[in-house]
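The structure under discussion appears below in the form of structure tokens.
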Amino acid sequence: MSNSNGTTRDSHEATSSDVAASVLSSSPPPASLQLAARLVQTLQETGSVEELKQTTLAYAATNGINMVSDASKGLLVHAPVTLLPTPIHRGSFELVRDLSPLFNELFDRVSRDETFLLEALKGSAQVDPFLASLVGMLKRLREEGKSMTQKVRLGIYRSDYMIHAEERTTHHDQHATPSSSCTTARCPASPTCSSPNPPTDSPSPCPCISSGTCCCGAWCYCPQQVELNTIAASFGGLSTRVSEMHRYMLQRVCRISKEEVEKQTPENRAIQGIAKAFNTAFQCYKQQFPNAPNPCVLMIVQSGESNAVDQRILEYTLWNEYSIPVVRRTLVEIASTYSLDASGQLQLPLHSSSPSPITAATNMSPVPPSSSSSTSSSPLPSTPICTVAIGYYRAGYTPRDFDLGSEKLNSLAWDAVEVLERSHAIKCPSLAVHLAGTKKIQQVLANEGMVERFISDPKHARLIRSTFAGIYAIDSSDGKQDQKAKIQAIIDEAIANPSAFVLKPQREGGGNNLWANDMVRALKTMSEKERAAYILMRKINPCSAPSALFRRGECVVTPCISELGIYSAHVGDGNQTYESSYCGYLLRTKAVGVDEGGVAAGFSCLSSIVYA
């Protein structure tokens, strides 16, 4: 879902031989660097790469690391993956992992401040029809007192980062002055940062980690947030399986001991953590409606979904671990078959007449029998029904889901969203949480004092801010002359230096951003009102490392950069938090020079972490 905006400076690029030589020249190198060097050497060996390819194909086929290649025929292909894990700075990973509960708290509070949301999105909604429909629905429901029909919310978030790398030209005790391309807002040096460098594979490489920066040797690492996804945060299932596959590869193909692998690669239990949060929310609903017939999770999906396997992994985990059934429906199917009783319980027919082989929107896992009778009439009275305890969106985040070829179908899709909002089903996400994840809200939160509006602890607010990249409004919604001057200055800078910026609309799903000449053309031709639909963001400069990208049976070894996603879960009602936790991670790796970052959109490969 995330749109990566990374670039790499020439000085950061490295070939396989460069990395191996530089790492092996250490005497002796830390354990994590020894392992990284061994992986690089493996990629230089033709026989080893061929063995990795064949083992990957077999492992993917037998463990469900697949995507749909032809939905009509139910054909699958292995998901795009790297053959081996990717080196990621340990301290940076641990920092953003530990920040996830703070971002949970921040976005839950933002979503419950509807006045703030509506005011912040007012300008963008005037020029973005899709956003206008979402904002208009929230306004309408709010006026009717229906915007918080169900106070319990389930948030499955994924905060995406790239690890900005700054070369240090001075000693460690001089780090208090960040380099020119690293602002104090996102790279605040700790006044206590005066101790010698600890080993690279130390759990906390530098005291600066307490303020968002990690220093190791000649480099300073600053994790910077690309975006935070609040709707349809995908790949929790596949990322877990890829991490398991890479641990297997390291032991069986690379001949690395199990003990060393477990020490140098973080465990990734993303799907288990996500499923646990679903169970917490599901139990909340059952306490509210103990007599609801056949409570289930409704997974809202796209027709012909290519990422159905990832979705199914969650479905089967919920059933196997918690006996929670999942029913899959498109928005149109929901609007065509639902009933909403007087108590606000949303109900659907339990079964469908025409499931398709793999991506069937209307297939359902087994449901335990229930003696409870429905309190409302189903559109099909003789058909068993299920009660929607949780409405989980894996669709509805793009205008394409509401552009279905006819006004009737388009209207039905919007009706489905509204009926879910009006119901007592727990939403993942609710409409307000969906809006809280827009790029515009990300930009507004970067303004002075905005994080502090929702997070009262100054230390926590500072830690959150430490991950913010340069992000700018390019419309002067308040009309102040000094703001207009600042906006024009940043626009002029982006036009003069287009390789350093990316222009982002209020969209999810990959492939939507404007880069280089397209960005310059848009900035030169758009009116100020039209610019309100976009935010401008500085590109992030991560280090590159060689990786083997494996897509549709073909392998390319090339310098790559990576985007790290941190899954977290939050269940709460605004007064009480029932769960707030880190779940796991997603690592997407792409060749240097590729702008976008979506796996489903065809830009990146799934990977996992090896510490370095």
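A few remarks follow.
- Any chance residue 407 is surrounded by fewer than 16 Cβ atoms within 10 Å (Cβ to Cβ) and charged (D, E, K, R): yes
- Any hit, the stretch 518-541, residues being over 25 Å from residue 120 (Cα atoms), within 28 Å of the chain's Cα centre (by Cα) and part of a loop (DSSP other than H, G, I, E, B): yes
- In the stretch 144-166 there is no residue that is under 21 Å from residue 444 (Cα atoms), out of contact with any helix residue (DSSP H, G or I) (no Cβ under 8 Å at 6 or more places or on another chain) and among the small types (Gly, Ala, Ser).
- Residue that is farthest from residue 612 (Cα to Cα) [pool: residues in the stretch 238-268 that are basic (Lys, Arg) and surrounded by 19 or more Cβ atoms within 10 Å (Cβ to Cβ)]: 241
- Criterion violated by residue 530 - all others in (1) acidic (Asp, Glu); (2) over 21 Å from residue 117 (Cα atoms); (3) in contact (Cβ under 8 Å) with a residue 60 or more places away in the chain satisfied: (2)
- Any chance residue 430 is within 26 Å of residue 150 (Cα to Cα), among the hydroxyl-bearing types (Ser, Thr, Tyr) and out of contact with any Cys (no Cβ under 8 Å at 6 or more places or on another chain): yes
- Summed over the stretch 115-160, residues that are in contact (Cβ under 8 Å) with a residue 12 or more places away in the chain, within 19 Å of residue 418 (Cα to Cα), part of a helix (DSSP H, G or I) and not charged (D, E, K, R) total 11.
- Just one of the numbered conditions (1) modelled with pLDDT of 95 or more; (2) surrounded by 16 or more Cβ atoms within 10 Å (Cβ to Cβ) is not true of residue 143: (2).
- The number of residues in the stretch 32-54 being more than 13 Å from residue 548 (Cβ to Cβ) and more than 32 Å from the chain's Cα centre (by Cα) comes to 1.
- The set of residues from the stretch 530-571 being in contact with an Asp or Glu (Cβ under 7 Å, 6 or more places away or on another chain) and basic (Lys, Arg) comprises just one member, 531.
- Just one of the listed residues (491, 474, 487) is farther than 30 Å from residue 292 by Cα, without any contact (Cβ under 8 Å) to a residue 24 or more places away in the chain and surrounded by 17 or more Cβ atoms within 10 Å (Cβ to Cβ), namely 487.
- Single match in 425, 469, 416, 389 (criterion: modelled with pLDDT under 95 and buried (at least 18 other Cβ atoms within 10 Å of the Cβ)): 469
- Selection of the stretch 86-127 for residues being hydroxyl-bearing (Ser, Thr, Tyr) and surrounded by 20 or more Cβ atoms within 10 Å (Cβ to Cβ) yields 86, 92, 100, 111, 124.
- Filtering 360, 395 for residues that are within 22 Å of residue 303 (Cα to Cα), part of a loop (DSSP other than H, G, I, E, B) and at pLDDT 95 or above leaves a single hit, 395.
- Within the span defined as the stretch 559-569, one or more residues are in contact with a Pro (Cβ under 9 Å, 6 or more places away or on another chain) and of a type in the set (Val, Ile, Thr).
- Hits in the stretch 427-470 (condition: outside any loop (DSSP other than H, G, I, E, B), closer than 22 Å to residue 137 by Cβ and in contact with a strand residue (DSSP E or B) (Cβ under 7 Å, 6 or more places away or on another chain)): 427, 428, 433, 439, 440, 442
- In a residue-by-residue description of the stretch 544-566, the property of being under 25 Å from residue 228 (Cα atoms), of a type in the set (Phe, Trp, Tyr) and surrounded by 18 or more Cβ atoms within 10 Å (Cβ to Cβ) applies to no position.
- Residue 274 buried (at least 20 other Cβ atoms within 10 Å of the Cβ) and modelled with pLDDT under 95: no
- Top-ranked residue of the stretch 219-237 - restricted to ones that are hydrophobic (A, V, I, L, M, F, W, C) and surrounded by 21 or more Cβ atoms within 10 Å (Cβ to Cβ), ranked as farthest from residue 315 (Cα to Cα): 220
The values are calculated or read from the model by the stated rules, or taken from the named source; none is laboratory data. Just so we're clear, the structure is a prediction, and the values are computed from it rather than from any experiment. Here Cβ is always computed from backbone atoms with ideal geometry, including for glycine, and neighbour counts include all displayed protein chains.
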